[in-house]
1. State all residues of region 266-289 that are assigned to a helix (DSSP H, G or I) and surrounded by 14 or more Cβ atoms within 10 Å (Cβ to Cβ); if no residue qualifies, say none.
2. Does Ala99 qualify as being out of contact with any helix residue (DSSP H, G or I) (no Cβ under 6 Å at 6 or more places or on another chain), within 13 Å of ligand 1 (Cβ to nearest atom) and either hydroxyl-bearing (Ser, Thr, Tyr) or farther than 26 Å from Asp162 by Cα (or both)?
3. Determine which member of the set Ile60, Ile47, Ile69 is touching a Lys or Arg at 6+ places or on another chain (Cβ under 9 Å), outside the structural domain of Val313 (by TED's automatic domain parsing) and under 19 Å from Thr177 (Cβ atoms).
4. Could you please tell me which pairs satisfy a Cβ distance under 7 Å, a separation of 6+ or placement on different chains, a first residue in region 131-149 that is in contact (Cβ under 8 Å) with a residue 40 or more places away in the chain and farther than 16 Å from Ala50 by Cβ, and a second residue that is β-branched (Val, Ile, Thr) and in a loop (DSSP other than H, G, I, E, B)?
5. Within region 252-265, track down each residue that is touching a His at 6+ places or on another chain (Cβ under 7 Å) and buried (at least 18 other Cβ atoms within 10 Å of the Cβ).
6. Which numbered condition in (1) among the hydrophobic types (A, V, I, L, M, F, W, C); (2) in contact (Cβ under 8 Å) with a residue 12 or more places away in the chain; (3) over 17 Å from Thr30 (Cβ atoms) is the only one that Ile154 fails?
7. Quick check: anything in region 97-106 part of a helix (DSSP H, G or I), aliphatic (A, V, I, L, M) and more than 19 Å from Gly52 (Cα to Cα)?
8. Give me the residue from region 167-192 that is of a type in the set (D, E, K, R) and more than 22 Å from Tyr280 (Cβ to Cβ) and, out of that set, surrounded by the most Cβ atoms within 10 Å (Cβ to Cβ).
Amino acid sequence: MTLYGSIREEILYAAGVLRGGGLVAFPTETVYGLGADAANERAVANIFTAKGRPADHPLIVHLAAADEIERWARDIPDSAWKLAERFWPGPLTLILKRAPGVLDAVTGGQDTIGLRVPDHPVALALLKAFGGGIAAPSANRFGRVSPTSAAHVIAEFGDAVDCVIDGGSCKVGLESTILDLSGEYPRVLRPGAVMPNVLTRVLGELLTVSAGGGPRAPGCLASHYAPDTPLQLIDATEIEAAAQSFLNFGQSVAVLSMHPPATNEVGCRWLMMPADPKEYGQVLYALLREIDTWDCHCALVELPPAKMEWEAVRDRLKRAAGGRQAERGCA
Ligand code: TXA
Ligand code: MG
């Protein structure tokens, strides 16, 4: 796709900001990223400062094309090339052994590196115009909900970012699948839009799924992706009664459910969520931000089915709920 007019000029300007060591927030198909030149130590350090992120949490380096892998990784297994060919550009991050010369600041001092080619015309145009790797975490402050629009990024950072490119709403809406290929067996560290069954088909071997365990991925911390409003996950059959009992105690409640309420008089904000997992993932983060503006005592969320296609949504919901429970000392 060719980008014309002012967006093209914005991209050229943003590439210049990156070359000068600045921070550029840009759209990807998953969420907005907060980017810096991955080869510039000072610029990468600025990402950590802006996000308030601990320095030992590694960043994903975004590339314009798979043939740039070798600049960043070594001992690249065949499986990485196969997966890159099948899923890039796309919402899959590969963890590989890092190449010599890659900054410690990018990898959090680890011997591995996360790489991905994003599937968004603006991100790809920026990468091409810049001509190098862009280190970019999600463009939110540490532990907060990832942004899926330029307005979210501006709400998070204001002037702390040199440039925000508005590429509209992200079509996936949840962060990429992270697949670790640096060990003996491939391991999914974070579920996302690329699901284990399709990875298995390409890899020709079964996968270990260990999302939630690894201290190496802050996206795997229980307190990640948390909105301000305390969030509780509840079965569909119990959600209305639960909402009612909060209301009986004079507390305001928001409900996110895939089903309408049985009665018309529930007395709380009832948000109908999409019954399709892709559509749900696309809107989830924007809705979590919106709920925060309602100032409710809590939000009750219907737990989606325990099926593979819902895994990424369930993972983010559990973390969003887990964060608050941990803060309140319940988990
Ligand atoms: O969809 C995405 O992946 C978005 C867009 C902007 O590309 N990025 C994103 O970045 O979600 P971030 O930093 O918010 O989450 C990346 C996750 C973190 O949990 C990080 O620890 C993990 O990837 N990660 C990065 N490098 C790693 C490595 N070498 N080993 C293990 N985990 C790694
Ligand atoms: Mg993040």
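1. Pro277, Lys278, Tyr280, Gly281, Gln282, Val283, Leu284, Tyr285, Ala286, Leu287, Leu288, Arg289
2. Taking the combined requirement at face value, the residue does not satisfy it.
3. Exactly one of Ile60, Ile47, Ile69 is touching a Lys or Arg at 6+ places or on another chain (Cβ under 9 Å), outside the structural domain of Val313 (by TED's automatic domain parsing) and under 19 Å from Thr177 (Cβ atoms), namely Ile60.
4. Thr148/Val31
5. Scanning region 252-265 gives a single hit, Val253.
6. (2)
7. no
8. Filtering region 167-192 for residues that are of a type in the set (D, E, K, R) and more than 22 Å from Tyr280 (Cβ to Cβ), the one surrounded by the most Cβ atoms within 10 Å (Cβ to Cβ) comes out as Asp180.
The values are calculated or read from the model by the stated rules, or taken from the named source; none is laboratory data. Since we're looking at a predicted model, the values are computed, not measured. Quick reminder, even Gly has a Cβ in these numbers, built from the backbone with ideal geometry, and neighbours come from all protein chains shown.
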